[in-house]
Ligand code: XMP
């Protein structure tokens, strides 16, 4: 979908590249993250209002360090370089960069020396976040320094519509970062702010209607926010021409299948339900490696789905909740990323299913999907539900897989959720669940000694699951969770609480 007003963000591999793109969209301007070496001709054909060069881990003098097509500087489009992006501008325009021995990291006070459009409405002293080893030594001809810090005489530079900032306006530690980005968009690039989720919904509903015509659409539903929002949006666009398929793989949360079915029935959306629990659980018998579990579940899901689509007539279209970060992962500048977990999303199906794909959220971030969900009134029961992995409880059962541990995991997690809801903490945390391994500990049951499983409770806060902190839950809530689990769940004798943050840990135990 071509957006009338857009900003091109060239990705030099910095950890904040996605964050910059999201921040711009939050300021109501569509932004697209493209590889650093995207040809200038391609960028020109997109007619962007501005270009942003992101930060990155390299030094401009490194052999093979990423460089943009130099012709971008001839396009007469405003450019803002951030951190490494500033150094790219200095280097390309004939200035010099040096490796300082004073690595500047953390907060610094910015002194604004020139009341430039970029700093419009900002006090002359403001706090910014720095993270760099290299620094500008000499400015290119005609450039001026427009702000300094104690360690950086060139903390912000300018020549006409070319701007560079050595600090990171996209992170919240930069007090006026949002204002600076807003100034770039509205004062310098003359954007109007056409990107809103309301306009996205209207445009997408109209597009789906004309794309689908009289054909039928199949939508694989997991009960999570993304696929549920896709389903509801499609239903608004094409009504009964939509059929949802919901497969219970036996690894869902307690009562989840029933809850999802009830909600979709109330919404009058056609839904076919398949309980394939036995089929999936038999596959996992004695499989201890979580990555093999993920793959087995993914492969089986595809088989089930192929059978279902054969049985249910001719669907031309398949709707999926693919998000923007999935789409552009391959465009990363960092080379092959290490696979920590394969994150097989059960909704992700291969294209050889011979459907045409409808992916209305291909250009959205997760928080934008949540906004769409709010606009189209996705029921709160789904919207407020914590994220849940596609392979379900299989990733929370450590070691041997068996039905007893599955039941312990499901029942204990349900208690964790119930107790958080009772204490009004559920909506404040990102995820909360229980997991179980093979370790056992001694407990006392009546007058006897009994070995029971050790259940570990994990409750984390996060904004995007990239990082997470364990939550300092009040002791009385933890106490209730613990005593209910040992009293109500068979064969559990101990409860522990996971107090590791991500990084170095991950959210799920495996
Ligand atoms: P980790 O454990 O990597 O998880 O910190 C980050 C987020 O991803 C979810 N997760 C998964 N989601 N399939 C999914 O669809 C998976 O295999 C998977 N593994 C982890 C996890 O719940 C958290 O929200």
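Rule-based calculations on the coordinates, nothing more; no lab input. Owing to the predicted nature of the structure, the values given are computational and were not obtained by experimental measurement. Neighbour counts are summed over all protein chains in view; Cβ atoms, including those assigned to glycine, are modelled from backbone coordinates with ideal geometry.
Key figures for this structure:
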item	result
Whole-number percent relative contact order across the chain, with pairs defined as alpha carbons under 8 Å at least 6 apart	10
Residue order, fewest to most surrounding Cβ atoms within 10 angstrom, among 20, 188	188, 20
Degrees separating the helix 403-422 axis from the principal Cα axis of the chain, which is the longest one	60
C-alpha center-to-center spacing [segment 134-184, segment 457-510] in angstrom	43
Antiparallel DSSP beta bridges within the chain, percent to nearest 5	50
Whole-Å distance, taken between Cα centres, linking segment 380-449 and segment 281-319	24
Hypothetical label at residue 102: residues of segment 168-209 whose amide nitrogen lies under 18 Å (7 Å Cα-Cβ projection)	168
Ratio Rg/Rh [Cα only; Rh per Kirkwood] for the chain	1.02
Computed [θ] at 222 nm, helices only, for the chain once each DSSP H run of length n ≥ 4 contributes -39500 (n - 2.57)	-9500 deg cm²/dmol
Normalised contact order of segment 197-383, rounded percent, pairs of Cα under 8 Å and 6 or more residues apart	29
Sorted by Cβ density within 10 Å, fewest first, the residues 41, 227, 113	41, 113, 227
Neighbour-count ranking [beta-carbon atoms within 10 angstrom, fewest first] of 449, 25, 279	449, 279, 25
Shape metrics for segment 6-188, restricted to C-alpha atoms - Rg then Dmax, Å	14.7, 42
Segment 402-497 - Rg and Dmax from Cα coordinates, angstrom	13.8, 47
Percent RCO, i.e. relative contact order, over segment 462-510, from Cα pairs under 8 Å lying at least 6 residues apart	47
Contour minus Cα-Cα distance for residue 465 and residue 199 (0.36 nm per residue)	93.0 nm
Space enclosed by the convex hull of the alpha-carbon atoms of segment 197-383, per residue, Å³	130
Estimated FRET transfer efficiency (residue 500, residue 383; beta-carbon r; R0 25 Å; 0.05)	0.30
Distance in nm between pseudo-label sites at residue 480 and residue 142 (7 Å out along the Cβ direction from Cα)	6.8
